[in-house]
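Working notes, structure below.
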Amino acid sequence: MLLAGLFFGQNLRAQSAKSDTTQKAPNKGQQTYYAISRSSEDSTRSIFNFKAAPIYVRATPFSIYTGAGNPRDRIAQSIEIGKSFNVIDLGVAFGRNSLRPDTSLFLEGRVTMDVANYGIFANEMTIGAGRVFDKQGSLMLELSYSIIAQVAPRVGIGLTTGYFDFSNESTDNSKTFYGIYLRWGLLRTDSGGLLGGSRGRGRPVRVGRPHRHGR
């Protein structure tokens, strides 16, 4: 009986060791995210280093206002350039509010924050303020939301919708718009932080316990 017990015990240990060797080792992306999610950096104490922050460009070739009117009068275009500070983009946008030659140009400052991420997809919220260079000099305010997909190491494509409020001394109106845009800039991880090109081509897979920010 003792010999039989030793024999079966050795067989069970050998099978367990064999089964352990069949488990796949975590890939490089998982290890990278594992290290990032356990970083000792406290984001509440991080400093905005404008000089070291990477540049991004966001172009909106097509957005359309809702409501009645000629399509040429309801299509807007813009290009934005700025710098990224982890989950926040700070930039300046220049564009036009219609496709007509006498269209009103605008200049706007924008703050965009990465709200949530899932794989290659992210949800962003934008708040902006600027001026339309028409005769009245209208004030322009923006609140918009977007969904973006990171389709290449530094390129993302997204859909956006939101509101523009225009006001001056004599008029006041609000317009809802829908559009498509392209973003060139560094990747973000699942936690929203910036990820340099040397660390991978896409957002790494989430592993381990949730990170400290709760997203």
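The values are calculated or read from the model by the stated rules, or taken from the named source; none is laboratory data. Just so it is clear, the model here is predicted, and its values are computed rather than measured. In this analysis, Cβ positions are derived from the backbone assuming ideal geometry, glycine residues included, and neighbour counts consider all displayed protein chains.
Observations
- Residue 74 farther than 27 Å from residue 147 by Cα and at pLDDT 55 or above: no
- Any hit, the range 116-124, residues being in contact with a helix residue (DSSP H, G or I) (Cβ under 9 Å, 6 or more places away or on another chain), at pLDDT below 95 and farther than 20 Å from residue 76 by Cβ: no
- Residue satisfying all of: in the range 99-108; in a strand (DSSP E or B) and either touching a residue at least 40 places away in the same chain (Cβ under 8 Å) or surrounded by fewer than 16 Cβ atoms within 10 Å (Cβ to Cβ) (or both); farthest from the chain's Cα centre (by Cα) among these: 105
- Among residues of the range 147-170, those that are under 15 Å from residue 80 (Cα atoms) and crowded, with 19+ Cβ neighbours inside 10 Å, counted: 3
- Cβ-Cβ under 6 Å pairs, at least 6 apart or on other chains, the range 55-80 side farther than 20 Å from residue 130 by Cβ, far side surrounded by fewer than 14 Cβ atoms within 10 Å (Cβ to Cβ) and of a type in the set (S, T, N, Q): 66/176
- Tally, over the range 52-98, of residues that are closer than 16 Å to residue 162 by Cα and in a loop (DSSP other than H, G, I, E, B): 3
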